[in-house]
1. Would you check if there is a residue in the range 869-889 being modelled with pLDDT of 65 or more, farther than 26 Å from residue 1041 by Cβ, touching a strand residue (DSSP E or B) at 6+ places or on another chain (Cβ under 8 Å) and of a type in the set (Val, Ile, Thr)?
2. Contact list please: Cβ distance under 8 Å, first residue in the range 705-719 and in a loop (DSSP other than H, G, I, E, B), second residue surrounded by 20 or more Cβ atoms within 10 Å (Cβ to Cβ), pairs at least six apart or on different chains.
3. Could you tell me which of the residues 222, 249, 289, 285 is surrounded by 22 or more Cβ atoms within 10 Å (Cβ to Cβ), without any contact (Cβ under 8 Å) to a residue 40 or more places away in the chain and not hydrophobic (A, V, I, L, M, F, W, C)?
4. Could you check the range 481-497 and list, in sequence order, the residues that are in a loop (DSSP other than H, G, I, E, B) and touching a strand residue (DSSP E or B) at 6+ places or on another chain (Cβ under 7 Å)?
5. Would you pick out the residues in the range 292-308 that are of a type outside the set (Val, Ile, Thr) and exposed (fewer than 15 other Cβ atoms within 10 Å of the Cβ)?
6. Looking only at residues in the range 934-970 that are polar (S, T, N, Q) and under 25 Å from residue 1032 (Cα atoms), which one is surrounded by the most Cβ atoms within 10 Å (Cβ to Cβ)?
7. Given the conditions (1) of a type in the set (Asp, Glu); (2) outside any strand (DSSP E or B); (3) under 19 Å from residue 556 (Cα atoms), which single one is not true for residue 500?
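The values are calculated or read from the model by the stated rules, or taken from the named source; none is laboratory data. On a predicted model such as this, the values are computed, not experimentally measured, just so you know. For neighbour counting, all protein chains shown are included, and Cβ atoms are generated from backbone atoms with ideal geometry for every residue, glycine included.
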Amino acid sequence: MRVLRLKSFVIFLSVLWVSVCSEYHAQGLEIQFDHLGVRDGLSQATAYCIYEDRLGFIWVGTDDGLNRYDGYECIIFREDPLDERSLSNNSVNAIQEDSNGNLWVGTDQGLNLLFAERMDFKTHKFDFHDPGSLSSNTVWCMTLDADDRLWIGTANGLNRYSTADSSFTKYKSEVDDPFSLSNNSVNALYTDSSGTLWIGTNQGLNRWNVSDESFDHFDVPGDLSRYGQVIQCIGSGPQGELLVGTNQGVFVLQDSLLTPSVYTQVADMKITACRTDKQGDLWIGTNSGLYHYLKGRSEPILHIHDEQNNTSISDDNINYIHEDSTDILWIGTYSGGVNLYYREQQQIFHYDNENLGRTVFPSDIVNCIEQVSLGEFWLGTEAGIGILRDATTISGIRTAIPEELNGKSVKCILSRDELLAVGTDRDGVVLIDRTNGEVTTLRRRADGTGLIDDRIASLEWCGDDLWIGTQGSGINIYSTVTDSLTRIQYAPASKGGLADNRIVDLQKQGTEAMWIGTASEGVQRYSIEDGTFTDYAVRQDSSRMLSSDKVLCIYFDSAVLWVGTKGGGVNKIDLLTDQVQFYTTENGLANNVVYDIRSDHQGRLWMTTNNGISVLDIENENFINYNEIDGLGNQTFLPSSGLSSRRGEIFFGGRQGLDIIRYQDIETNSVLPKVYFTQMQVFDSKQNQYDPDLSRNLVHEIETIELRPEMSLITLGFSGLNYRRPEKNTYAYRLAGLTDEWTFIGDRRYVTFSELPPGDYQLQVKAANNDGRWSEEPSQIYLSIIPAFYQTNWFKALLVIFFALMVFLFNQYRLRRVRSVNRKLEKRVKLRTAQIAKERDEKAILLQEIHHRVKNNLQIVNSLLRLQSHYVKDEEALWALDESQNRVMSMAMIHERMYKTENLANINIPDYIRDLCTDIINTYDLSNNVTLDLDIQVEKLNLDTLTPLGLIINEISSNAMKYAFPDGRSGIFKIHLTAIEPGKKFKLIIGDNGVGMPVDLSDTEQDSLGTTLMESLSEQLNGELKRMDGPGTFYEMNFEQLKDSLTE
């Protein structure tokens, strides 16, 4: 619906130089109408009838089709000659819903029954061969009687519909029957509160008698001509009396006679509609305007079309009047479409130079307003001061405007007792003593003793001091007692002072502090007692952090300071807790630029923004927003330009004049919108088009929607039925089965879902009306997404079985393949193993043979050395030969062990060492004197490690047998071999407890060859042979096992 800008009420404003004075912005008797016309979607401008169905939709019958209106758009039904289930004719004269919720539509060519689910009609027409058919195709009116039976008035008789056999019982005028219908042209039908059916015809009024199915006749007195007897409409009056509208005025039925009514103002007029509303007001429609009789008043208000007033009624020729369930009055006109009248009167008024003149508005730019006395207000504009006076309440002194202010740009006005202070844009401050008219001007002076700046931004009284905030130079404090000025300014070199010289607003906190709003440094609290500042800004810590440093206004209310910012919304500073709370558009604020804040007597805050006015309910922390639809004329407000008056009004100035809000009379809309699903579109991805069977309007009758898998996209439209400012309705939805959270979508009236997983869902939608009140119960529709065959459980089960079977078959195949490969490998391994075993046996035999030959060769060498010793006489040479024999025998013993063992890689170490030491002891014939102490924890060593180790043991053992036990002395020879790191590192401790020997192995008494040999052998083993301290002779060596050249 196109909602036009609301104009101010008819009021009588007065200023002193006007001779006629009256109360300004008083509630007048002219009301404002919203319009529903062709440009809003109505099919045609002639509205013959209006009806509200059981759901709350409004139906409008026009000369070009049937319209269903939901507050936003019209769905139009028209005649289609090629479709027998379309509307039978486009001229719709009557609409009626029966007790079963079926909608009947009367046209110039038949009676239509609408099937809402299919959006088509069944037509009933006159059939000469069918006695149960309609009496005429031209249907003028319809109603239900006390028994919910449908009655139809036509151009040729009255009809009663029977639901049993879909037939019509006809009642017509019979010449020879005085109790028949008085005339066949039935123009009006009405069932009164007692259940009596009244029939208006072209020949007077008729009353239906149920008992004998007869009619009583009532003639219209006066003009007995055919024209004078035409009944146009029937209704009830404010007192319950029966009113009859005729071509010669309104008549009332009294004592079974029609007599002229008390509504003489419409006498002799053609009465087209009459209705008494729920408030007791009577509305009478004529072809010359709409007459409104207020309850208890005898003089009507005439509403006629005014070309200069776009909220006047759209046409003087009234066709129909209907009051809906929410008390909205719908008026159908002949050429102006439909008019809507809300029961609540407008309480927001806009004034400017155009409607109040230059005396009140020297300029339409209103910077401030101040109530200087009861009934007198000063407006500070860009071209001087305007005076708004209410002659009905004005009292006290009427103050003349000083010449010093003529034509000046006035930024602020402040009144205290009989003293007025006026701040200007470039001319300083003007003080006016209202008792004697004395004027004092405070301005900047060349000697520096005056104001610091003539550009005034804000004024505030604190005791006898006037605080003057300037636009760029800080603050002056003017003492009225001493007539002196002091300054507070920003000093860059000092900290803790005024943060910004650009002052936008001042608000006192009693006599203890002054709050200072700055242009770019937030808000500061100045302590009057000690002169200290407390900062509230974006850069402060979390407890004093504002949402924006750009302040436009501040407002002190009890223990709370409210800060309006440029882009940061509203900040609430709680002075008790020193905490800051933000309110922005996310909380419902109309816009985040807030110019002014004022409180009313009901504990609410009114704020001007870049998008109208927001009202904050402080207790509930919710906003209601008002804009031009509600009567606001300003959409460009100015900072700190408002006023809360003493008698319950709020004023806000702006660049287009002044807005006045009578907040005490504003009624909150109590109608909670009921949401209905009005449209559905389903896209079929397989056909690449919208499904024609499921894409349709009027889906509110459907409870469940089933969608096939290929229907990948669904859009559902809906409407919240609230006809008071429907464009301000807001919506929220949730899709149960997918999420439990509500999604708020503002004024958008549709939701779209794509690729929903198979399953059952419940779409819930709720709406809030123009005052932000949410519907108590959401509306819902069920969505059932049918799974594709591949998404069904049986398909998934088959798929699992198939994959399991495939895995099983694949495993069987792999198993057979593995077994086949294994058999081939085993065969090859066996063959190769036999070859390796044969080669190993041959190699072992060869190695044993080699070791045997080496051992034999070493024994031959040993024998040669023994034979040679028989011919040597020198003791040292003989000793050397003996040593050589021992060394050769040590190596021969190793080879002997090697060819005797089955494992050629390792020799049994304990046996080898025991045999080696025993042979040496026996060689020196000390078996009875020396005891072996063997602790050999190493079982096996390879040949490359054992050979040098054996030679070392041989050398030390031989030395011990020769030197440790002289003169038959007994003792112990000890060998301990342990593993430090098994298989890798070992420790050898070897020695005797004999007489001992010098520590230095290089001593001349020792065998230098043996010592060199042992050092060389120990290095070969990556070890170091060390002589141990203590009695006897002991050695310690840590060594590593060498790599086995045999295995390599």
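1. First, the residues of the range 869-889 that are modelled with pLDDT of 65 or more: 869-889.
Among the residues that remain, those that are also farther than 26 Å from residue 1041 by Cβ are: 869-885.
Filter once more, so that each one left must be touching a strand residue (DSSP E or B) at 6+ places or on another chain (Cβ under 8 Å): none.
No, that holds for no residue.
2. 709/785
3. Numbers: 222 fails: surrounded by 22 or more Cβ atoms within 10 Å (Cβ to Cβ); 289 fails: surrounded by 22 or more Cβ atoms within 10 Å (Cβ to Cβ); 285 fails: without any contact (Cβ under 8 Å) to a residue 40 or more places away in the chain.
Exactly one residue qualifies, and that residue is 249.
4. Filtering the range 481-497 down to residues in a loop (DSSP other than H, G, I, E, B) leaves 481-483, 489-497.
If the condition is that a residue be in a loop (DSSP other than H, G, I, E, B) and touching a strand residue (DSSP E or B) at 6+ places or on another chain (Cβ under 7 Å), then 496, 497 are the ones that fit.
5. First, pick out the residues of the range 292-308 that are of a type outside the set (Val, Ile, Thr): 292-300, 302-303, 305-308.
The answer is 295, 296, 297, 298, 299, 306, 307, 308.
6. Within the range 934-970, the subset polar (S, T, N, Q) is 937, 942, 945, 947, 954, 957-959, 970.
Pick out the ones that are also under 25 Å from residue 1032 (Cα atoms) and you get 937, 954, 957-959, 970.
Working: 937: 13, 954: 25, 957: 28, 958: 20, 959: 20, 970: 12.
Filtering the range 934-970 for residues that are polar (S, T, N, Q) and under 25 Å from residue 1032 (Cα atoms), the one surrounded by the most Cβ atoms within 10 Å (Cβ to Cβ) comes out as 957.
7. (3)
Every residue, every condition in (1) modelled with pLDDT of 95 or more; (2) surrounded by fewer than 22 Cβ atoms within 10 Å (Cβ to Cβ), yes or no:
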site	(1), (2)
193	no, yes
198	yes, no
213	no, yes
228	no, yes
232	yes, yes
235	yes, no
